[in-house]
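Asker: Have a look at the structure that comes next, please.
The values are calculated or read from the model by the stated rules, or taken from the named source; none is laboratory data. What you see is a predicted model, and the numbers here were worked out from it, not measured in a lab. Glycine gets a Cβ as well: all are built from the backbone with ideal geometry, and neighbour counts include every protein chain shown. Accessible surface is based on the protein model in full, side chains and every heavy atom, while ligands, DNA and RNA are left aside. Shrake-Rupley method; radii C 1.70, N 1.55, O 1.52, S 1.80 Å.
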Amino acid sequence: MSRIDSSNKHSPTSLAEWQALAASLEFETRAYVEDAFVDAVSGETFPAINPATGETLAQVASCDQADADKAVKVAREAFERGEWSRMAPAKRKQVLLKLADLMEANKNELALLDTLDMGKPINSALGDLSGAIGCMRYQAESIDKQYGEVAPTGEDSLALILREPLGVVASIVPWNFPLMMTSWKISPALAAGNSVILKPSEKSPLSALRLAELAREAGIPRGVFQVLPGFGHTVGKALALSMDVDCLAFTGSTGVGKLLTQYAGQSNLKRLYLECGGKSPHIVFADCKDLDRVAQHAAEAIFHNQGEVCIAGSRLLVEDSIRATFVDKVLAAAESMQPGNPLDPDSFMGAIVDEAQHAGILDYIRQGVEEGATLRAGGESQSGNGLFIPPTIFDDVTDTMVIGREEVFGPVLSVFGFDTEEQAIALANDSDYGLAAGLWSQDIDRIMRVTRRLQSGQVFVNNWAGGDQSVPFGGVKQSGNGRDKSHHSLEEYSTLKSVWIALE
Ligand code: NAD
């Protein structure tokens, strides 16, 4: 299959160059099982559609139960063979570092696949690639620095605490950051020595299949990494109900996370790590420094990636004394974030992933208007052939409104007012979710008081969405229980074995 010249490490800088690259792209559309690209057992396919144009890019293998059964069997055999699971960690590291290098060498192609498949702006997709490659390198570099323990028992015994891989891990991921979410899951799982089956979203399968080619080229042994494209209710459910999958690592909606919890209970009580939805509060106190800068961050926090971000700062809580001024500044910042051609490096927002998501967002906007929130910007679809929604801002939102409580997963900001710190904390915590929260203030006492009381897996102080591979990412409450990134995610993909040795 001819590919974009991988010697081209530089990324194009113009729309025309990206369009030319896109035109030369060929797609791998088959499932990757054992060490080969194959059609689904049923022969069924589903279309990959470019949401910016409505064009069908390719017909992709639609896997189901039969494909899942085969892949799980292959994964188990690979694990038992031990080529990977018992390989010295330093050697696994080398293979994963090679895979990261191959991703880097092919970053333009990988970014293009995500942009074409799900509509995100190309620069954003390149940013995701950096995150995906960085995660792969971090986890690869970590694995040969993990030690077991010797417990402090008496002299008549030696008790070792060993860390061992789990076995077969199924990773089920969403479409909003296709390769980055994939890397956050598979990098630590592979580094720890597991066999991994990846189920990409049916809305963004193409980059995962290209990644499988790179994994093979990097030298990941047969059956250790497999990719099954297809729908959640078919192949996803089959993996989740499998009696021979040891761990399910999921990123996606809270609703599906709840289903997976049932499936784990109905099958083999597999380990389950959930990274689910959010409705994140972004609190702006009147004492914050530089309102213009904060307003710019507040707009980016919701409109980045068309608002299709789990940690989108979708609830903006603003101290009433500055609310009118501040909201005007957010409106001005949002004005420059209109959606455009995702292949244009100047586009801040791209297309909404598909018609169902587009219709759902518009429905939330309609409800917001009906519930009496004040529509200050956007609100109308700009779609022609593609699916575009401009930055949409509601003011005067209350915590009884659907628009203020449910995850819209689109470019829709809900602004709330508050008078006191206590009110801000109560509003922020009045949510089923607890993925991220942010606050802006210059008062360190206030910052720490509020931070400690926010029910959230991560708190951003005087920034939004800061992060590093060394810092865990995940939520509390119905945002889930898993932690991606950092050495904590590595721990999730291994188990402890205690070994008692009796000594004379
Ligand atoms: P989704 O839950 O609809 O789908 C996620 C994945 O689950 C897909 O691969 C899908 O095919 C699969 N799936 C669906 N039904 C299934 C079933 N019955 N059994 C097994 N698998 C099934 O979510 P989405 O629309 O792809 O992504 C958006 C959601 O993901 C949002 O709620 C967002 O907040 C969340 N998300 C969370 C994080 C995080 O780190 N917490 C990151 C990104 C996205």
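Asker: Calculate the translational D of region 281-468 in whole µm² s⁻¹ from Stokes-Einstein, where the hydrodynamic radius comes from the Kirkwood formula applied to all Cα pairs, the temperature is 25 °C and the viscosity 0.890 mPa s.
Answerer: Calculated translational D: 149 µm²/s.
Asker: Moving on to the next point. Between 0 and 90 degrees, rounded to the nearest ten: what's the tilt of helix 206-218 against the longest Cα principal axis of the chain?
Answerer: 40
Asker: If you don't mind, another one. Just how far, in whole angstrom, is region 336-356 from region 286-330 if you go by their alpha carbon centroids?
Answerer: 20
Asker: Assuming 1.306 mPa s and 10 °C, estimate D for the chain with Stokes-Einstein, Rh taken as the Kirkwood radius over Cα pairs, in µm²/s.
Answerer: Answer from the Stokes-Einstein relation: 67 µm²/s.
Asker: Then there is this: Could you tell me which residue out of L158, I365, A240 lies farthest along the dipole of the chain toward its positive end? Charges go on the beta carbon: Lys and Arg +1, Asp and Glu -1, centred on the Cα centre.
Answerer: After comparing all options, I get L158.
Asker: Hey, how many Å between the Cα centroid of region 188-234 and the Cα centroid of region 422-451?
Answerer: First find each Cα centre; the distance between them is then 38 Å.
Asker: Accessible area of the chain with a 1.4 Å probe: how many percent of it is carbon plus sulfur?
Answerer: Its accessible area is 51 percent carbon and sulfur atoms.
Asker: Let me ask something else about it. If each DSSP helix of 4+ residues adds -39,500 (n - 2.57) and the sum is divided by the residues in the chain, what number results at 222 nm, nearest 500 deg cm²/dmol? Spell out each step's value before the answer.
Answerer: Working: 16 runs with 198 residues, N = 504.
Theoretical 222 nm ellipticity from helices: -12500 deg cm²/dmol.
Asker: Could you state how much accessible area M103 has, in square angstrom rounded to the nearest 10, with a 1.4 Å probe and all protein chains kept in place?
Answerer: 0
Asker: Using θ = phi - 60° and the Karplus form 6.51 cos²θ - 1.76 cosθ + 1.60, what ³J(HN,Hα) does each residue of region 343-357 get, whole Hz, x for Gly and Pro?
Answerer: The phi angles translate into 7, 8, x, 8, 6, 8, 10, x, 9, 6, 4, 7, 5, 5, 5 Hz.
Asker: Just the accessible area per residue of region 450-500, please: how many Å² with a 1.4 Å probe?
Answerer: Values: 2450 Å² over 51 residues.
For region 450-500, the per-residue accessible area is 48 Å².
Asker: Measure out, as a whole number of angstrom, how far apart the alpha-carbon centroids of region 248-262 and region 127-167 sit.
Answerer: 26
Asker: Next question, about the same structure. Name the long-range amide H neighbours of L57: under 5 Å, sequence gap of 5 or more, or other chain; modelled H, no Pro or chain starts.
Answerer: A48, I49, N50
Asker: What whole-number value in Å² describes the accessible area per residue of region 79-212 for a 1.4 Å probe? Write out the running numbers ahead of the final one.
Answerer: Details: 4030 Å² over 134 residues.
That works out to 30 Å² for each residue.
Asker: Loop only per DSSP, at most 12 neighbouring Cβ atoms within 10 Å: give me the GluC sites (Glu not before Pro) in region 349-403, ordered by residue number.
Answerer: E380
Asker: Treating only the Cβ atoms of Lys and Arg (+1) and Asp and Glu (-1) as charged, compute the dipole magnitude of region 281-468 about its Cα centre; round to the nearest 20 debye.
Answerer: 320
Asker: Whose amide H sits under 5 Å from the amide H of A286, counting only residues 5 or more places off or on another chain, with H placed in the peptide plane?
Answerer: Those lying under 5 Å, H to H, from A286 are E319.
Asker: Let me ask you something else. Just to confirm, what accessible area per residue do you get for region 224-318 at 1.4 Å probe, in whole Å²?
Answerer: Accessible surface, normalised per residue, equals 30 Å².
Asker: Below 8 Å, C-alpha to C-alpha, sequence gap of six or more: please give me the relative contact order for region 281-468 in percent.
Answerer: Worked out over region 281-468, it gives 27 percent.
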